[in-house]
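See structure below.
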Amino acid sequence: MIAKKTDRRYGSVKGRPRRFIRGHHRRLPDEGRYSVEERDHPTPCWIWLGHTKPSGYGYTGRQLAHRYFYEKYIGSIPEGLVLHHLCGLKSCVNPNHLEPTSRRQNAVRSVQERPACTGSSGRGPGEAVYTEEDHGYATLCWVWQGRTDPAGYGRIGRRLAHRALYEKHREIIPEGMDLDHLCGVKACVNPRHLEAVTRSENARRGKQCKLTLEMVCQIRADHTSAYMELGSKFGVSSGYVGMVKNGRRWKDVC
């Protein structure tokens with residue numbers, strides 16, 4: 001490393017390589033890199049004392065501190081898995097408080113362990129907050145009060161808020177399935193207003209879908225009218241009629 005300034009104490013000269021000083025960058029023993037604290041977990045947490053990022057996780061160099069301690073004292077982490085903090089503290093590096101799990105399961109657990117709050121006051125960082133509002137559905141909507149994306153859906157970090165609340169209060173969403181808002185309110189996170197459906201079915205139920213199941217069956221049953229004529233009749237383009245006919249659209253019906 002090139003010295004940025006001249007320092008006679010260590011014999012370094014500006015612009016020249018710095019001298020090696022034995023023990024100058026000696027790493028602390030592991031016991032000196034964390035403090036043992038009693039938290040809400042049955043056993044003490046090891047709270048990281050080194051560098052932490054805004055996310056709350058500790059780092060030892062470029063490696064996550066809790067992953068370093070787990071691999072050193074327990075073993076290698078299986079490929080593709082992450083470590084879930086059983087104690088709920090991101091800065092804890094106690095390997096006995098860490099459990100390898102998939103990214104999806106880790107996200108679901110994080111939501112399930114996060115306290116929920118109704119109302120717009122008294123919320124803490126990261127809490128799921130919504131207000132109960134009447135939007136004309138059979139029961140009240142839970143309208144998300146946190147961050148929303150440009151499409152109008154609530155967000156918890158990178159996750160869609162309605163999916164997170166559905167998995168917290170009801171069940172895991174089957175792989176590849178979407179959630180349809182039965183109330184029609186995108187910002188609603190009431191799990192009773194959500195139904196797991198296929199992506200194509202969710203698209204059909206959307207307000208932008210011009211065709212109904214009955215219309216699609218009529219188009220496919222009509223073997224005499226031209227595509228342009230059918231398009232004018234049902235309010236779609238002739239090209240879309242062609243995709244319905246050859247099964248590129250609505251392929252799982254009729």
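What to note about this one:
- Residues Val189, Val13, Val216, arranged from fewest to most other Cβ atoms within 10 angstrom of their Cβ, appear as Val13, Val216, Val189.
- Under Karplus coefficients 6.51, -1.76 and 1.60, residue-wise ³J(HN,Hα) of the stretch 189-196 in Hz, glycine/proline x: 10, 5, x, 6, 9, 10, 10, 6
- Amide H contacts of Tyr130 (H built 1.01 Å from N, in plane; Pro and chain starts excluded): Cys117, Gly119, Gln145 sit under 5 Å, all sequence-distant by 5 or more or on other chains.
- Prolate/oblate/rounded call for the stretch 33-101, Cα gyration tensor, a/c under 1.5 rounded: oblate
- Among Met215, Met228, sorting on how many other beta-carbon atoms sit within 10 Å of each Cβ, with the fewest leading, yields Met228, Met215.
- Calculated from the alpha-carbon coordinates, the stretch 142-254 shows an Rg and a Dmax of 17.7, 54 Å respectively.
- Inter-label distance for Asp149 and Asn106, nm, one decimal - labels placed 7 Å from Cα along Cα-to-Cβ: 2.1 nm
- Ordered by the number of other Cβ atoms lying within 10 Å of each residue's own Cβ, fewest first, Glu71, Glu175 fall into the sequence Glu175, Glu71.
FYI, it's all coordinate maths here, none of it is from the lab. Every value quoted in this text rests on a predicted model; they were computed, and no experiment measured them. Methodologically, a virtual Cβ is constructed for each residue, glycine included, from the backbone with ideal geometry; neighbour enumeration extends over all protein chains shown.
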